Amino acid sequence: MSLTDLLSPSDIAAALRDCQAPDSFSPKKFFQISGMSKKSSSQLKEIFRILDNDQSGFIEEDELKYFLQRFECGARVLTTSETKTFLAAADHDGDGKIGAEGIDYFKYR
């Protein structure tokens, strides 16, 4: 399964266009524009599984900086500030990584 099986390619493209400039990425806005905020918890868990590059069950800071590139290989890398802000918002237990429930968090924010 790929992200385009769950999200519209045009919505993904619009979300990536919205955050092209460095330090313009907002997880909440990205989730809204891409259509992720409208997905069920089970669909978000499938998206999370696709985004979890090493299939560890978590998205660590090193993986998170390449978040946009999981949607499109030519997309930019998140800045250090964006990565840390995203991690802080979704890391509920403070262990330095995001579990599937962290992604689900943005649906309700």
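Normalised by the residues of the chain, what does the relative contact order come to in percent, with Cα pairs under 8 Å and at least six apart?
Reported as a whole number, the value is 29 percent.
Once amide H atoms are built 1.01 Å from N in the peptide plane, which residues 5 or more positions from GLU60, or in another chain, come under 5 Å H to H?
The list, which skips near neighbours in sequence, is ILE98.
Given the stretch 7-106, what whole percent of its Cα pairs are spread farther than 15 Å?
Cα-Cα pairs of the stretch 7-106 separated by over 15 Å account for 58 percent.
Can you work out the accessible area per residue across the chain, with the rest of the protein chains kept in place, probe 1.4 Å, in square angstrom? Write down the numbers at each step before the final one.
Values: 5650 Å² over 109 residues.
Spelled out: the 1.4 Å probe surface of the chain, per residue, equals 52 Å².
Nearest 20 debye, what's the magnitude of the dipole of the chain about its Cα centre given +1 on Lys and Arg Cβ and -1 on Asp and Glu Cβ?
Dipole of the chain, to the nearest 20 debye: 480 debye.
Of SER56, ILE103, HIS92, which is farthest along the charge dipole of the chain in the positive direction, counting Lys and Arg as +1 and Asp and Glu as -1 at C-beta?
Of the candidates, ILE103 comes out farthest on the positive side.
The values are calculated or read from the model by the stated rules, or taken from the named source; none is laboratory data. Note that the structure is a prediction, hence the values are computed from the model and not measured. A quick note on method: Cβ atoms are made from the backbone with ideal geometry, for glycine too, and the neighbour counts reach across all protein chains shown. The protein model used for the area step is the full one, side chains on, heavy atoms only, and it has no ligands, DNA or RNA in it. Shrake-Rupley method; radii C 1.70, N 1.55, O 1.52, S 1.80 Å.
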